[in-house]
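J.: Got a structure for you, questions after.
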Number of protein chains: 2
Amino acid sequence: MEKLKRTKILDLIASESYVFQQVNVSGWVRTRRGNKHISFIALNDGSTIKNLQIVVDTATFGEEFLKPITTGACINVTGQLVVSEGKGQTVELQASEIEIYGSADVEAYPLQKKGHSLEFLREIAHLRPRTNTFSAVLRIRHAMAFAIHNYFNEKGFFYLHTPIITGSDAEGAGAMFQVTTLDLNNVPKTVDGKVDYENDFFGKSTNLTVSGQLEGELGALALGSIYTFGPTFRAENSNTPRHLAEFWMIEPEVAFSDIQDNMDLAEDFLKSLIRYALEHCADDLEFLNTMWDKELLDRLKFVVENDFVRLPYSEGIDILMKSNEKFDFPVSWGVDLQSEHERYLVEKHFKKPVILTDYPKDIKAFYMKQNDDGKTVRAMDVLFPRIGEIIGGSQREENYDKLLQRITELNIPMKDLWWYLETRKFGTAPHAGFGLGFERLLLFVTGMGNIRDVIPFPRTPKNAEF
Amino acid sequence: MEKLKRTKILDLIASESYVFQQVNVSGWVRTRRGNKHISFIALNDGSTIKNLQIVVDTATFGEEFLKPITTGACINVTGQLVVSEGKGQTVELQASEIEIYGSADVEAYPLQKKGHSLEFLREIAHLRPRTNTFSAVLRIRHAMAFAIHNYFNEKGFFYLHTPIITGSDAEGAGAMFQVTTLDLNNVPKTVDGKVDYENDFFGKSTNLTVSGQLEGELGALALGSIYTFGPTFRAENSNTPRHLAEFWMIEPEVAFSDIQDNMDLAEDFLKSLIRYALEHCADDLEFLNTMWDKELLDRLKFVVENDFVRLPYSEGIDILMKSNEKFDFPVSWGVDLQSEHERYLVEKHFKKPVILTDYPKDIKAFYMKQNDDGKTVRAMDVLFPRIGEIIGGSQREENYDKLLQRITELNIPMKDLWWYLETRKFGTAPHAGFGLGFERLLLFVTGMGNIRDVIPFPRTPKNAEF
């Protein structure tokens, strides 16, 4: 008789149609307990945080056969699915056949039943997806990525792949990684002793992108509404729970859109993503709420249910200055807000997400639309509880002369930006957009405290393992 | 009175509910023609390949006002949508208000009405999305990316972000780009004269990934079914219509899956994507079919409607050797198939897509599952008309000893692969997966002949502009 086709545990648990049927499952053993007559195996196949209980009659299989079935082993089981009388599960599988795909030596396998510190798990990033916490985080990561694509697709945005390797360092958003095929043991030099990039792969110095926005604007000024979703890089030597050298960004850019439209989009977008998580990741969120952060679910629901506060930077500064809060960094008009300031506004003053607008132009990027006051630009940052800035965006300066003037004032190398400026020369249009750091979003949605724990293989200073 | 909210041209054309309504549109002028009494503007906003005809009464606006409305200018128009009596459109807009967002100097704007060569358009990649051809390609590119995410999400796969910067060169799939923060003008050296990577950002030599597969396997052996969709890089000095230095790859990896399941998945996946394109990109495909490739639609339908042929490499070699075809590269058992061979099998012999399996182990990667014959591995390549290999995959070697032996035979540096080997040590499982080059897929779906024309900003030797 041909072997039954495997069914995922998620599907087995979800539908009553499997009860009293013969089924076949595969997965990794979380635990095996029992006595010399009967064994209970908690089996997990990654499709859900829930384990399937496998009931094994020792006499049928023999103690020797069952010995390698320890935590971490991988097995395939055929049997009848029955209604469970035990606590913690609705169904269980009465094993009639077991195949052991792979054992996991009890002495050597690092993921034994006892809990592990997140720090330790980072060192075994190749195995940590087999833990409850990381499988939950990675399933939520998937769900959020899908929700993002789904949101934009439904709204008629086009996904644009902006380049990862870039020849321009124009945005100046941060320190960059250099990309090269030159032999570092023997760097070719020109007659005046400089690096001879003629011999490099691209014939010039190239870097990893820090943002797809500038190229995204090219797309928006042709296709109307686009978004990027790709890796971005910062070579900053920041060893903090909030920084990665390699992270993923989502950057929508919309033609015929102003700062108001941009705020509406950002708020609707974030709420829609969190609503999606609440609807589609209930089991995983429940687990994280119980294990790591008892306020997680309440916080997510709160964001979905409340309007974001919108106010100009200047008013935010007033509130901060009039507060009796002691800040590490003093506040005055013109300063860049620190996390402590953002969190004060969000968590203590308004007790709601806040969109701060119209920042001083000197602390914002050259491409933001200048206000008539000559001092501020149409920036908008979305500030979230626990996270601070989760989204940064702006209406863009679409006026060629004003943009050129700002580029000149800031000494940005013009030669790198000829193509960007041309979009303002030929059929320019009002447009706006923003950037969402995907891992920042995941910190908020999962409640995890360290950004290294919401990406499968974190890249940080001195760390590019796996 | 507040200005009407803008409606996308795609929506205006799709629904009869806008007819005889006041509407507001924005977009770029494709052409303006007419006489001194009346102007017809073909307006495109990127949402669809179709233009909206704007009818402008010259007397209402004045000739001077209308002068800057030339090809490439960006305008906003309010007016009544009416049923059109002209050819080529069902509705048209009778303008009552026009705002000019940005003009496009006739002498300077490179995208005048006349057709342009694809080569010329590559040099103005910042503007080419404003052409019919590239906007069609980019909309199809979006649709295919979404279809991929949608397919896997529905099937319970989790999207896994494998790292872009990698410390290991283990897969050996091709020449790599180095990633560094060292000062190339002054590379630090150790006492024995070698590059001192201690001072590099990651404390060791790092590269851009050539494939996410090895990390993808880690995900599959915990979450069950995963897929990657991210940029990959090859520093090969190949200036051909089929090679990019930076391209996007999709790599599903499935635990508890063998080569048969893998072939079923690949065939179903490709058919489902092409079906999606036929259903969702009809206008754009129609345009490309008319303009560039009269057999495009027939070819797409043919793939959807026919079963792929499946046969072992050895039988494929037999067919090639018995054919009377003159090949540039001679055929015998053991050779790696060239594009001419693949296309002979697909286009001339079977006249269907072909999945070739069980290749000689010496021309395939170390991780493929070894067959009992000692000579072949459970590889499977999907060969397509016009494209040749569109998918390459295999069942993976899950046996620790066999895998280690192959790694040793091939002198692959063990130290880079300790984490990969551990998945075979702890709860190993049969698993399989494949890689699909996204741009290869797009060449097939769009009918374009050069891979540089299916990615927004191509990176090739000596070319990293924009």
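J.: Name the residues in the stretch B:114-142 that are surrounded by fewer than 18 Cβ atoms within 10 Å (Cβ to Cβ) and under 30 Å from residue B:22 (Cβ atoms), would you?
T.: Once the filter is applied, which keeps residues that are surrounded by fewer than 18 Cβ atoms within 10 Å (Cβ to Cβ) and under 30 Å from residue B:22 (Cβ atoms), the stretch B:114-142 yields only B:132.
J.: Is there a residue being farther than 30 Å from residue A:212 by Cα, open to solvent by 10 Å² or more (accessible area, probe 1.4 Å), assigned by TED's automatic domain parsing to the domain that holds residue B:300 and not aliphatic (A, V, I, L, M) anywhere in the stretch B:429-443?
T.: Yes, there is a match, as at least one residue in the stretch B:429-443 is farther than 30 Å from residue A:212 by Cα, open to solvent by 10 Å² or more (accessible area, probe 1.4 Å), assigned by TED's automatic domain parsing to the domain that holds residue B:300 and not aliphatic (A, V, I, L, M).
J.: Any idea how many residues of the stretch B:390-420 are modelled with pLDDT of 95 or more and not in a helix (DSSP H, G or I)?
T.: 10
Residues checked against (1) part of a helix (DSSP H, G or I); (2) basic (Lys, Arg); (3) on the phi < 0 side of the Ramachandran plot:
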residue	(1), (2), (3)
B:65	yes, no, yes
B:71	no, no, yes
B:88	no, no, no
B:107	no, no, yes
B:121	yes, no, yes
B:125	no, no, yes
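J.: Something else now. All but one of (1) open to solvent by less than 40 Å² (accessible area, probe 1.4 Å); (2) in a loop (DSSP other than H, G, I, E, B) hold for residue B:192; which doesn't?
T.: Unmet for residue B:192, out of (1) open to solvent by less than 40 Å² (accessible area, probe 1.4 Å); (2) in a loop (DSSP other than H, G, I, E, B): (1).
J.: Sticking with this structure for a sec: Scan the stretch A:297-317 for residues that are open to solvent by 80 Å² or more (accessible area, probe 1.4 Å) and not in a loop (DSSP other than H, G, I, E, B) and jot them down.
T.: If we filter the stretch A:297-317 for residues that are open to solvent by 80 Å² or more (accessible area, probe 1.4 Å), which is where we start, we get A:298, A:301-302, A:305, A:307, A:310, A:315.
A:298, A:301, A:302, A:305, A:310, A:315, listed by residue number.
J.: Given the residues B:203, B:224, which is the only one that is modelled with pLDDT of 95 or more and either crowded, with 22+ Cβ neighbours inside 10 Å or in contact with a His (Cβ under 8 Å, 6 or more places away or on another chain) (or both)? Give the derivation first.
T.: On the way: B:203 fails: either crowded, with 22+ Cβ neighbours inside 10 Å or in contact with a His (Cβ under 8 Å, 6 or more places away or on another chain) (or both).
Criteria check complete, one pass: B:224.
J.: If a residue has to be out of contact with any helix residue (DSSP H, G or I) (no Cβ under 7 Å at 6 or more places or on another chain), in a strand (DSSP E or B) and more than 11 Å from residue A:25 (Cβ to Cβ) to count, how many in the stretch A:54-63 make the cut?
T.: Total satisfying the criteria: 2.
J.: Another question about this same structure. From B:58, B:90, B:70, grab the single residue that is at pLDDT below 95 and hydroxyl-bearing (Ser, Thr, Tyr). Let's see the steps before the verdict.
T.: Numbers: B:58 fails: at pLDDT below 95; B:70 fails: at pLDDT below 95.
None of the other options fit; the residue is B:90.
J.: For the structure I just gave you, tell me whether residue B:109 is at the interface with chain A (Cβ under 9 Å from one of its Cβ atoms) and not β-branched (Val, Ile, Thr).
T.: So residue B:109 passes the test.
J.: A follow-up question, please. Which of the residues spanning the stretch A:29-79 are among the small types (Gly, Ala, Ser), crowded, with 20+ Cβ neighbours inside 10 Å and without any contact (Cβ under 8 Å) to a residue 60 or more places away in the chain?
T.: Within the stretch A:29-79, A:42, A:47, A:72, A:73, A:79 meet the criteria.
J.: OK, next. Can you tell me which residue in the stretch A:80-108 is farthest from residue A:25 (Cα to Cα), limited to those that are hydroxyl-bearing (Ser, Thr, Tyr) and surrounded by 19 or more Cβ atoms within 10 Å (Cβ to Cβ)?
T.: Per the criteria, the residue is A:103.
J.: Now a separate question. Only one residue in B:423, B:460, B:446 is within 14 Å of chain A (Cβ to nearest Cβ), touching a residue at least 24 places away in the same chain (Cβ under 8 Å) and buried (at least 23 other Cβ atoms within 10 Å of the Cβ). Which one?
T.: The conditions single out B:423.
J.: Considering only the stretch B:1-28, state which residues are assigned to a strand (DSSP E or B) and either more than 13 Å from chain A (Cβ to nearest Cβ) or in contact (Cβ under 8 Å) with a residue 60 or more places away in the chain (or both).
T.: B:6, B:22, B:23, B:25, B:26, B:28, listed by residue number.
J.: Continuing with this model, one more query. Restricting attention to the stretch B:195-210, which residues are part of a strand (DSSP E or B) and touching a Lys or Arg at 6+ places or on another chain (Cβ under 8 Å)?
T.: Matches in the stretch B:195-210: B:195 only.
J.: Follow-up. Show the residue pairs that are 6+ apart or on different chains and have beta-carbon atoms under 6 Å apart, the first residue being within the stretch A:198-215 and more than 9 Å from chain B (Cβ to nearest Cβ) and under 15 Å from residue B:466 (Cβ atoms), the second being modelled with pLDDT of 95 or more and surrounded by fewer than 17 Cβ atoms within 10 Å (Cβ to Cβ).
T.: Pairs found: none.
J.: Does residue A:185 fit the bill of being of a type in the set (S, T, N, Q) and at the interface with chain B (Cβ under 9 Å from one of its Cβ atoms)?
T.: Yes: the conditions hold for residue A:185.
J.: Name, by its number, the condition in (1) closer than 30 Å to residue B:398 by Cα; (2) surrounded by fewer than 22 Cβ atoms within 10 Å (Cβ to Cβ); (3) in contact with a Ser or Thr (Cβ under 7 Å, 6 or more places away or on another chain) that does not hold for residue A:178.
T.: (1) is the only condition that residue A:178 fails.
J.: In the stretch B:391-415, what residues are under 30 Å from the mean Cα position of the chain (by Cα) and surrounded by fewer than 22 Cβ atoms within 10 Å (Cβ to Cβ)?
T.: Once the filter is applied, which keeps residues that are under 30 Å from the mean Cα position of the chain (by Cα) and surrounded by fewer than 22 Cβ atoms within 10 Å (Cβ to Cβ), the stretch B:391-415 yields only B:392.
J.: Then there's this: Could you check, for the stretch B:333-356, whether at least one of its residues is among the β-branched types (Val, Ile, Thr), free of Cβ contacts under 8 Å to residues at least 24 places away in the same chain, open to solvent by 10 Å² or more (accessible area, probe 1.4 Å) and more than 21 Å from residue B:213 (Cβ to Cβ)?
T.: Applying the first criterion (among the β-branched types (Val, Ile, Thr)) to the stretch B:333-356 yields B:335, B:346, B:354-355.
This time we only want the ones that are free of Cβ contacts under 8 Å to residues at least 24 places away in the same chain, so: none.
Looking for residues that are among the β-branched types (Val, Ile, Thr), free of Cβ contacts under 8 Å to residues at least 24 places away in the same chain, open to solvent by 10 Å² or more (accessible area, probe 1.4 Å) and more than 21 Å from residue B:213 (Cβ to Cβ), one finds none in the stretch B:333-356, hence no.
J.: Next question. Does at least one position in the stretch A:362-370 carry a residue that is within 25 Å of residue B:128 (Cβ to Cβ) and within 14 Å of another protein chain (Cβ to nearest Cβ)?
T.: Within the stretch A:362-370, not a single residue is within 25 Å of residue B:128 (Cβ to Cβ) and within 14 Å of another protein chain (Cβ to nearest Cβ).
J.: Which residues, taken from the stretch A:366-382, are of a type in the set (D, E, K, R), touching a residue at least 60 places away in the same chain (Cβ under 8 Å) and assigned to a loop (DSSP other than H, G, I, E, B)?
T.: Selection gives A:369 alone.
J.: Could you list, in sequence order, all residues of the stretch B:211-245 that are in a loop (DSSP other than H, G, I, E, B) and more than 30 Å from residue A:111 (Cα to Cα)?
T.: Residues satisfying the conditions are B:234, B:235, B:236, B:237, B:238, B:239, B:240, B:241, B:242, B:243, B:244, B:245.
Yes/no per residue for (1) aromatic (Phe, Trp, Tyr); (2) facing another protein chain (nearest Cβ under 10 Å); (3) touching a Pro at 6+ places or on another chain (Cβ under 8 Å):
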residue: A:79; (1), (2), (3): no, no, no
residue: A:85; (1), (2), (3): no, no, no
residue: A:91; (1), (2), (3): no, no, no
residue: A:98; (1), (2), (3): no, no, no
residue: A:104; (1), (2), (3): no, yes, no
residue: A:124; (1), (2), (3): no, yes, yes
residue: A:134; (1), (2), (3): yes, yes, no
residue: A:147; (1), (2), (3): no, yes, no
residue: A:156; (1), (2), (3): no, yes, no
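J.: (1) part of a loop (DSSP other than H, G, I, E, B); (2) farther than 24 Å from residue B:166 by Cα; (3) of a type in the set (Phe, Trp, Tyr); (4) more than 14 Å from chain A (Cβ to nearest Cβ): which one isn't true of residue B:359, the others all being true?
T.: The one condition residue B:359 does not meet is (1).
The values are calculated or read from the model by the stated rules, or taken from the named source; none is laboratory data. Given the structure is predicted, the values throughout are model-derived calculations rather than measurements. Ideal geometry is used to build each Cβ from the backbone, glycine not excepted, and the neighbour counts take in all protein chains shown. Surface accessibility is based on the protein's heavy atoms, side chains included, excluding ligands, DNA and RNA. Shrake-Rupley method; radii C 1.70, N 1.55, O 1.52, S 1.80 Å.
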